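Notes follow once the structure below has been shown.
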Amino acid sequence: MDIRQLEYFLGVASELHFSKAAEKLFVAQPALSRQIQQLEDELNVVLFERDKRNVKLTPAGEYLQNEASRILSQLDYVRLRTQLIHRGEEGELRIAHPGSAVFSVLPTLLSALKLYFPKIRAVLSEVLENKLFESLQNYQVDVGFVREPIPDKYLNSRLIFEECFSLVVPPNHPLTKENFTGLRQVQNDSFILPPRHAGSTYHDVLLRMCEREGFLPNIIHESNFGTTILKLVEHNLGVSLLPSSYRISSPVNVRFIDLDVLPERTQLSMVWRKDDTNPILHNFLDTASSVDFRF
């Protein structure tokens, strides 16, 4: 029993007339009758009751009609999904990212991905940068977003977004956008910053911003996660320096003071394995190239 026999059988079962079925199936009637006879012989059943005027399904034929319809529909579905997966239009993409990406590029990028490739499912993991490269090398993720791409002969990287920093203060802090003149105004405040090992260059940039104002920050709390830092600032435990994109959809009650007059910028890049031929990944990369990440 093969797919062609089932298609011929369903054609006759639908028309209950061999000549009409043969015409619709673009096959000669004798060949169609021979295929049905071979199917009945193989199954050792009678599928149609025939006389000179009528063709009628037997109970076995009615059962096979239902099952064959379901089987062929499933085969069509499998064929379609196989083609979609081959073209990178369906499947799973594992994405590692820092917390700040949720407030900047990820919502815009995933919205574009949904528009162009609605059957691709993104699996997101908030991963520290020192673990992200390991996750890529171990094939635990497919693509990552990093602040500090490192030279690696096995990885590709692409800069997609650059932004300034903001000074983040509690809502009752005396500093506002209007009276802010420089970071020297918070030299006596307690700071909440990422630890140095979470990203040495990123941490050094934050220190350099303070050093240029003539002081080193008094760091009393450290966290790798921006949302945690924001919550601590909200509870008046200190001030912080964070990428300005954290202000977007920030659920906490804090005040952002942009430092766009300062030369320091933080960059966000995508990294992925050079040898990765996954078509879903490349559709994702193409989508990212088409998005304008200005906020």
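Across the stretch 218-233, the number of residues qualifying as open to solvent by 60 Å² or more (accessible area, probe 1.4 Å), assigned to a helix (DSSP H, G or I) and modelled with pLDDT under 90 comes to 1.
Evaluating Pro263 against the criteria (1) more than 30 Å from Arg94 (Cα to Cα); (2) assigned to a loop (DSSP other than H, G, I, E, B); (3) touching a Leu at 6+ places or on another chain (Cβ under 7 Å) leaves one unmet condition, (3). When the stretch 234-257 is filtered for residues that are β-branched (Val, Ile, Thr) and either assigned to a helix (DSSP H, G or I) or over 22 Å from Glu126 (Cα atoms) (or both), the ones remaining, listed by number, are Val239, Val254, Ile257. Cβ-Cβ distances below 6 Å connect no pair with a first residue in the stretch 273-295 that is within 15 Å of Glu92 (Cβ to Cβ), a second residue that is modelled with pLDDT of 90 or more and in a helix (DSSP H, G or I), and a separation of six or more residues or different chains. Whether a residue is part of a helix (DSSP H, G or I) and farther than 22 Å from Arg147 by Cα was assessed, and Leu206 does not pass this test. Since Glu213 meets every condition but one in (1) outside any helix (DSSP H, G or I); (2) in contact with a Phe, Trp or Tyr (Cβ under 8 Å, 6 or more places away or on another chain), which condition does it not meet? Condition (2) is where Glu213 drops out. Among what's in the stretch 161-194 and is over 30 Å from Leu285 (Cβ atoms) and among the aromatic types (Phe, Trp, Tyr), pick the residue that is surrounded by the fewest Cβ atoms within 10 Å (Cβ to Cβ). Here the residue is Phe180. Taking first residues from the stretch 38-62 that are over 13 Å from Leu10 (Cα atoms) and partners that are open to solvent by 30 Å² or more (accessible area, probe 1.4 Å) and part of a strand (DSSP E or B), the Cβ contacts under 7 Å between residues at least 6 apart in sequence or on separate chains come to Glu49/Lys56; Thr58/Glu49.
In the stretch 87-102, the qualifying residues are those that are touching a Pro at 6+ places or on another chain (Cβ under 8 Å) and either in a helix (DSSP H, G or I) or open to solvent by less than 20 Å² (accessible area, probe 1.4 Å) (or both), and the one that is nearest to Pro243 (Cα to Cα) is Ser100. Return only the number of the condition from (1) farther than 24 Å from Ser125 by Cα; (2) of a type in the set (D, E, K, R); (3) open to solvent by 50 Å² or more (accessible area, probe 1.4 Å) that Arg158 does not satisfy. Evaluating Arg158 over (1) farther than 24 Å from Ser125 by Cα; (2) of a type in the set (D, E, K, R); (3) open to solvent by 50 Å² or more (accessible area, probe 1.4 Å) leaves (1) as the failure. For the condition out of contact with any Leu (no Cβ under 9 Å at 6 or more places or on another chain) and either farther than 16 Å from Leu159 by Cβ or of a type outside the set (Ser, Thr, Tyr) (or both), Leu281 does not qualify. Residues of the stretch 103-124 that are out of contact with any Gly (no Cβ under 9 Å at 6 or more places or on another chain) and open to solvent by 20 Å² or more (accessible area, probe 1.4 Å): Pro107, Thr108, Leu110, Ser111, Lys114, Leu115, Tyr116, Pro118, Ala122, Val123, Leu124. Entry remark, the stretch 26-44: residues being over 23 Å from Pro59 (Cβ atoms) and open to solvent by 50 Å² or more (accessible area, probe 1.4 Å) number 5 in total. Just name the residue that is farthest from the chain's Cα centre (by Cα) out of those in the stretch 115-159 that are at pLDDT below 90 and in a strand (DSSP E or B). So the residue we want is Val146. Residue count for the stretch 241-275 under the criterion of being among the charged types (D, E, K, R) and surrounded by fewer than 16 Cβ atoms within 10 Å (Cβ to Cβ): the result is 6.
The values are calculated or read from the model by the stated rules, or taken from the named source; none is laboratory data. The model shown is predicted, which means the values in this text are computed figures rather than measured ones. Here Cβ is always computed from backbone atoms with ideal geometry, including for glycine, and neighbour counts include all displayed protein chains. Only protein heavy atoms, including side chains, enter the accessible area calculation; ligands, DNA and RNA are left aside. Shrake-Rupley method; radii C 1.70, N 1.55, O 1.52, S 1.80 Å.
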